[in-house]
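Quick notes on the structure that follows.
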Amino acid sequence: MLAQHRRHGCYSPVPLLNPGTLEEILEHRVKPTVRHMAEEGAPVTGTLYAGCILTERGPELLEYNCRFGDPETQVVIPRLESDLLEVLQACAEGRLAQVTPRWSDQRAVCVVVAAGGYPGPYDKGHPISGLAEAEAVGALVFHAGTQLAEGQTVTAGGRILGVTALGHTFREARQTVYQALEQVRFEGAYWRQDIALRAEQAEGQ
């Protein structure tokens, strides 16, 4: 499953990635890694997240992680129609080949709400409001840098929230997520306005 990550946001699927480039990444980056790990007696079990960048020379592998990054998870898992527990259990029991996850055709867009000053110095402890209102719009609100203080949700990090919306098109998903973001309030809150904009433009062509 693919997700396009930009600083402060993410979207899935990735219409800008053509099938040939995806095949190159899988055949010349990911599959050799998986084969080598098995030959070394440490076969991959679970998630292998390949962080890639597209360059003038073609796709380059930046890193591997054994988990999704936060915004990536927040656009990929909402599109999973299968039972996640069944997939994880099959993976743990070595029978993942017997499971075919079902994925929604919907688009997902996640926008990170950050604290003022991030990625530099930032304050903590600012009360957050509008979370229920954001969810009422139709978004999913994932907490990252938050904590409870005397019954109030307050800021406690640099990346505060990940707000995700689904839609039948990227335009629909973006409209929902940015409408939801307008409900969120805390001192210094900011987010990017262009997450998935290129995907929306590509889809509209």
³J(HN,Hα), Karplus 6.51/-1.76/1.60, whole Hz, each residue of the stretch 141-156, x for Gly, Pro: 10, 9, 8, 10, x, 10, 7, 8, 9, 6, x, 10, 6, 10, 6, 8
Mind listing the phi-derived Karplus ³J(HN,Hα) values for the stretch 178-191, rounded to whole Hz, using 6.51, -1.76 and 1.60 with θ = phi - 60°, and x for any glycine or proline? 6, 5, 5, 4, 5, 7, 7, 9, 6, 4, x, 4, 8, 7
For the stretch 52-80 and the stretch 151-205, what is the centre-to-centre distance using only Cα atoms, to the nearest Å? 19 Å
Using a 1.4 angstrom probe, figure out how much accessible area the chain has per residue, in square angstrom, rounded to the nearest whole. 58 Å²
Any trypsin sites (Lys or Arg not before Pro) in the stretch 12-108 that lie in a DSSP loop and have at most 11 other Cβ atoms within 10 Å would be Arg57, Arg67, Arg95, Arg102
Once the piece of chain linking Leu61 and Ala38 is laid out straight, how much longer is it, given 0.36 nm per residue of separation minus the C-alpha distance between them? 6.3 nm
Once fully extended, how much extra length lies between Gln147 and His28, figured as 0.36 nm per residue of separation less the alpha-carbon to alpha-carbon distance? 38.6 nm
Can you give me the distance in nm between label points at Leu197 and Glu135, each placed 7 Å from the Cα along the Cα-to-Cβ direction? 3.0 nm
For the chain, set up a Gaussian network in which alpha carbons nearer than 10 Å are linked by springs, and say which option among Thr47, Thr100, Thr153 fluctuates the most. Thr100
Here the chain gives, from Cα atoms, an Rg and Dmax in Å of 18.5, 54
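The values are calculated or read from the model by the stated rules, or taken from the named source; none is laboratory data. Note that the structure is a prediction, hence the values are computed from the model and not measured. For neighbour counting, all protein chains shown are included, and Cβ atoms are generated from backbone atoms with ideal geometry for every residue, glycine included. When the accessible area is computed, the model is the full protein with side chains, heavy atoms only, and any ligands, DNA or RNA have been set aside. Shrake-Rupley method; radii C 1.70, N 1.55, O 1.52, S 1.80 Å.
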